[in-house]
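Note sheet for the following structure.
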Amino acid sequence: MIGFAALAVLAGVLVGLSRQINGRLALSTSAMESSFWNHLIGLIFITLAAMAFGGLFAGEPVASPWWAYLGGPVGVIFIAAGSWLIARIGAAQTAMLIIAGQMISGVVLDIILGAPGSPVARGIGVALILAGMWVTRPGRNRT
Amino acid sequence: MNDTPDAPRLYHFAAAFGAGGLLSLMVLFNGTLAAYGSLFFASWVPHLTGSVAALALLIWLRPRRAAAARPPLWTYLGGVSGALTVMLTSATMNTALALSGTIALGLAGQVLFSLFADIRGLFGLPQKMPGPRDYLSLALITAGSLIIIFFGGAS
């Protein structure tokens, strides 16, 4: 259990590590080129891993709805945005604002899709996140 | 004092928040793929279509290279770290941690690493010391996220 918890924390560290390295590549090239290499090298790595472990086409992937295939192009913009932001506002600020956006849009998506959940907890969570964003809002005076 | 390089402007703010919204869509799209196919497939497809989309955008927009000198080779390896993330989360999601525990612990790892990365200026990015307001903001956003993850719903 502790081992799996450590792996879950490591997964988060790898997200930050990936953004840091992609951000450095974007400093020498461009945010879009950094996003391209992120996807191509990731593709090669996953292909090799899938060949080693097998089961890439297991299940019924053809049966999934067409819109489920749109994650790639969305990810290109996401990685490019992260690479562009991290060199400008820092790793922590980038991570916190992306998490804030993910959580609040996730709540909105859950409500649209009718996912069950506590409205009170969602309300308190969103309020705390908005308060956190307010604290570092742009245009305030730094003292 | 708002023109210091570490003070985010409104468009930075909007871009990062919007990127978080894109991440929610990616989780929905890729998660749906995983419901029909294998976890490898759910990560392989977006990397394949993403590579093609990024190449098309590069050819179309032809962004200028920021520096003439070639970047060090290790800077091209960010994608390996990203692909490993998918495999790790797929593994821990199916343990007692479940999806909420996986997301919460991943969030903790990401926040702590990003703070450390800023303080040390890791991997050649600018160094940045977080101030009291940054820590307060971080605590509020983390607390709100944890409440949504553990009490806000089934997802």
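Of A:40, A:109, all but one fail to be modelled with pLDDT of 95 or more, within 7 Å of chain B (Cβ to nearest Cβ) and in a helix (DSSP H, G or I); the exception is A:40.
When B:10, B:55 are checked against the criterion of being surrounded by fewer than 17 Cβ atoms within 10 Å (Cβ to Cβ), at the interface with chain A (Cβ under 7 Å from one of its Cβ atoms), at pLDDT 95 or above and more than 18 Å from residue A:66 (Cα to Cα), a single residue qualifies: B:55.
Taken over the stretch B:81-122, the criterion of being surrounded by 21 or more Cβ atoms within 10 Å (Cβ to Cβ) and of a type in the set (Phe, Trp, Tyr) is satisfied by B:113 alone.
Residue-wise test of (1) part of a helix (DSSP H, G or I); (2) facing another protein chain (nearest Cβ under 7 Å).
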site: B:65; (1), (2): no, yes
site: B:79; (1), (2): yes, yes
site: B:84; (1), (2): yes, yes
site: B:96; (1), (2): no, yes
site: B:101; (1), (2): yes, yes
site: B:110; (1), (2): yes, yes
site: B:129; (1), (2): no, no
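Here are some residues: B:149, B:59, B:119, B:141. Which one is touching a residue at least 40 places away in the same chain (Cβ under 8 Å), in a helix (DSSP H, G or I) and of a type in the set (A, V, I, L, M)? Sole residue among the options that is touching a residue at least 40 places away in the same chain (Cβ under 8 Å), in a helix (DSSP H, G or I) and of a type in the set (A, V, I, L, M): B:149. Using the structure shown, decide if residue A:115 is surrounded by fewer than 18 Cβ atoms within 10 Å (Cβ to Cβ) and outside any helix (DSSP H, G or I). Yes, satisfied. Would you check if residue B:75 is within 7 Å of chain A (Cβ to nearest Cβ) and crowded, with 21+ Cβ neighbours inside 10 Å? Considered against the rule, which asks whether it is within 7 Å of chain A (Cβ to nearest Cβ) and crowded, with 21+ Cβ neighbours inside 10 Å, residue B:75 comes out as yes.
When residue A:82 is tested against (1) in contact (Cβ under 8 Å) with a residue 24 or more places away in the chain; (2) more than 7 Å from every other protein chain (Cβ to nearest Cβ), only condition (2) is not met.
For the stretch A:85-92, the condition of being free of Cβ contacts under 8 Å to residues at least 12 places away in the same chain and more than 7 Å from chain B (Cβ to nearest Cβ) holds for none of the residues.
For residue B:119, the criteria (1) among the β-branched types (Val, Ile, Thr); (2) within 7 Å of chain A (Cβ to nearest Cβ); (3) under 23 Å from residue A:99 (Cβ atoms) hold in every case but one, which is (2). Being over 21 Å from residue B:23 (Cα atoms) and either in a loop (DSSP other than H, G, I, E, B) or free of Cβ contacts under 8 Å to residues at least 60 places away in the same chain (or both) holds for only one residue in B:69, B:42, and it is B:69.
From the list A:23, A:59, A:55, the lone residue that is within 7 Å of another protein chain (Cβ to nearest Cβ) and crowded, with 24+ Cβ neighbours inside 10 Å is A:23.
Taking the conditions (1) at pLDDT below 90; (2) within 21 Å of residue A:75 (Cβ to Cβ) in turn, residue B:65 satisfies each one other than (2).
The values are calculated or read from the model by the stated rules, or taken from the named source; none is laboratory data. What you see is a predicted model; the values in this text were computed from it and never measured. A quick note on method: Cβ atoms are made from the backbone with ideal geometry, for glycine too, and the neighbour counts reach across all protein chains shown.
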